[in-house]
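The values are calculated or read from the model by the stated rules, or taken from the named source; none is laboratory data. Predicted model only: the values in this text are computed from it and were never measured. Cβ coordinates were reconstructed from backbone atoms using ideal geometry, including for glycine residues, and neighbour counts include every protein chain displayed. Heavy atoms of the whole protein, side chains included, go into the accessibility calculation; ligands, DNA and RNA do not. Shrake-Rupley method; radii C 1.70, N 1.55, O 1.52, S 1.80 Å.
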Protein chains: 2
Amino acid sequence: MSLRHALLALLEAGAMTGYELAKQFDQSVAYVWHAQHSQIYTELRKLEAEGLVVAETLARGDKALATKRAYTLTEDGEHELRRWVGDVEELPAVRDSAYVKATYLEYGSYQEARAQFRAHRAHYEALRDRYEMHVDQLARRETALLRRRLAGAPAASHDAIVAYKVHAYRGLISRARTEIEWANRGLELIDRLSDDGVLPK
Amino acid sequence: MSLRHALLALLEAGAMTGYELAKQFDQSVAYVWHAQHSQIYTELRKLEAEGLVVAETLARGDKALATKRAYTLTEDGEHELRRWVGDVEELPAVRDSAYVKATYLEYGSYQEARAQFRAHRAHYEALRDRYEMHVDQLARRETALLRRRLAGAPAASHDAIVAYKVHAYRGLISRARTEIEWANRGLELIDRLSDDGVLPK
DNA sequence: AGCTCCATGTAAGTCGTTACATGATTCA
DNA sequence: TGAATCATGTAACGACTTACATGGAGCT
């Protein structure tokens, strides 16, 4: 149920079309919550039906043969956003395919086990790099969305707004580092096991 | 798609009924992949239809008015299990509601933000404790499932089987610790922000 | 004329949740 | 006799994915 709230939070910074929201997702929210554009469009229609947002149909281009729909938060939407921020949710049950597989690596060869850990490391190294770039941009207040958000908020709150976001992304960096270390220890484990010749192959 | 493979891996250790599999899930696999019993029963029927497992209907009790179904891996099931272990999968896109919310804590009060981080910390502390207990049991080879698994595997492979599982659960412990530290840093951040009086409330 | 971007959807299907439903067995 | 446990499902629904589908706008 985070998609709807992420959309509400994005709209708090100002009206946007589904297309723009989908692009913002790819550039910021997607680091913490990924969504396809198809899902965003359907969710927006649901939010509209529930009265949390209102849509305004706007002309597009000069001849205006095409239209787009710009969404704005309603008062109910604002309330729902604030309610959600204060609501302590149950964290969802763990479901991590990489760790499931790590538990059963003995069914494969050392080569295959190494490939798993190397892929795991590469994945989180790439994520870490992206998070680091994003956190730098946030700290410098360079992202378009953040600027828009700050423009609509009292100056006294700017530091807090930035600090919360930076803290979240720094957490993701720590998390990625933990995964990288885990993968490295996994590779060391395989070295030890294969030196000992414990498993065949 | 990990549920099916976790089931195949459990069945590699020996035939089990859906009920037993559901219980094993709660006691071991659920730490990495949670599933409801209803889903396990349906998945087993699907695996059976695909020929990856076979079921034998057994009598239950003395009078045998009731039955149960014990599942065994087929050769195809064995192959699928080994194929899966060697297969490097794309890691699923990030989707973490706690981090989404952490990004938007400025819409709530300091009190609410603190409550979020405290709940986050408590959650991962509880998880960490459970993981630590489980890793101890695994290292001492005390869990019923592990014994059953080792009984059916050559003695030379026992160390590797245990080592992989221990490594996976140690990784989960590291992860939980990272989350706890993140929550603590979040609480420190709020202390600084509220001392500075940056946000109202 | 053709390419890229803007813009918005629908449809079918999978995975998973929650609630409902049933009945036998075992043991005190 | 009653409670806990064994045992197996179905039904409805929600979230998400993948593929399909359409067409205008802006620029070269």
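Only one of the numbered conditions (1) open to solvent by 40 Å² or more (accessible area, probe 1.4 Å); (2) within 14 Å of DNA strand C (Cβ to nearest atom) is violated by B:Glu43, and that is (1).
Each row is one residue, and each column tells you yes or no for (1) in a helix (DSSP H, G or I); (2) under 30 Å from A:Glu78 (Cβ atoms); (3) touching a residue at least 60 places away in the same chain (Cβ under 8 Å); (4) open to solvent by less than 10 Å² (accessible area, probe 1.4 Å).
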residue: B:Lys63; (1), (2), (3), (4): no, no, no, no
residue: B:Glu78; (1), (2), (3), (4): yes, no, yes, no
residue: B:Leu81; (1), (2), (3), (4): yes, no, yes, yes
residue: B:Trp84; (1), (2), (3), (4): yes, no, yes, yes
residue: B:Val100; (1), (2), (3), (4): yes, yes, no, yes
residue: B:Gln111; (1), (2), (3), (4): yes, yes, yes, no
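Taken over the range A:1-35, the criterion of being within 14 Å of DNA strand D (Cβ to nearest atom), within 14 Å of chain B (Cβ to nearest Cβ), surrounded by 19 or more Cβ atoms within 10 Å (Cβ to Cβ) and under 19 Å from A:Gly51 (Cβ atoms) is satisfied by A:Leu3, A:Arg4, A:His5, A:Ala6, A:Leu7, A:Leu8. Looking only at the range A:46-57, residues that are under 24 Å from A:Arg147 (Cα atoms) and either within 12 Å of DNA strand C (Cβ to nearest atom) or touching a Cys at 6+ places or on another chain (Cβ under 9 Å) (or both) come to 3 in all.
The rows are residues; the columns are (1) facing another protein chain (nearest Cβ under 8 Å); (2) under 17 Å from the mean Cα position of the chain (by Cα); (3) more than 18 Å from B:Ile161 (Cα to Cα).
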{"site": "A:Thr143", "(1), (2), (3)": "no, yes, yes"}
{"site": "A:Leu146", "(1), (2), (3)": "no, yes, yes"}
{"site": "A:Gly152", "(1), (2), (3)": "no, no, yes"}
{"site": "A:His167", "(1), (2), (3)": "yes, yes, yes"}
{"site": "A:Gly171", "(1), (2), (3)": "yes, yes, yes"}
{"site": "A:Ile180", "(1), (2), (3)": "no, no, yes"}
{"site": "A:Ala183", "(1), (2), (3)": "no, no, no"}
{"site": "A:Ile190", "(1), (2), (3)": "no, no, no"}
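Checking each residue in the range A:135-173 for being under 19 Å from B:Ala98 (Cβ atoms) and out of contact with any Leu (no Cβ under 9 Å at 6 or more places or on another chain) picks out A:Arg170, A:Gly171. When A:Ser38 is tested against (1) open to solvent by 50 Å² or more (accessible area, probe 1.4 Å); (2) among the hydroxyl-bearing types (Ser, Thr, Tyr); (3) more than 9 Å from DNA strand D (Cβ to nearest atom), only condition (3) is not met.
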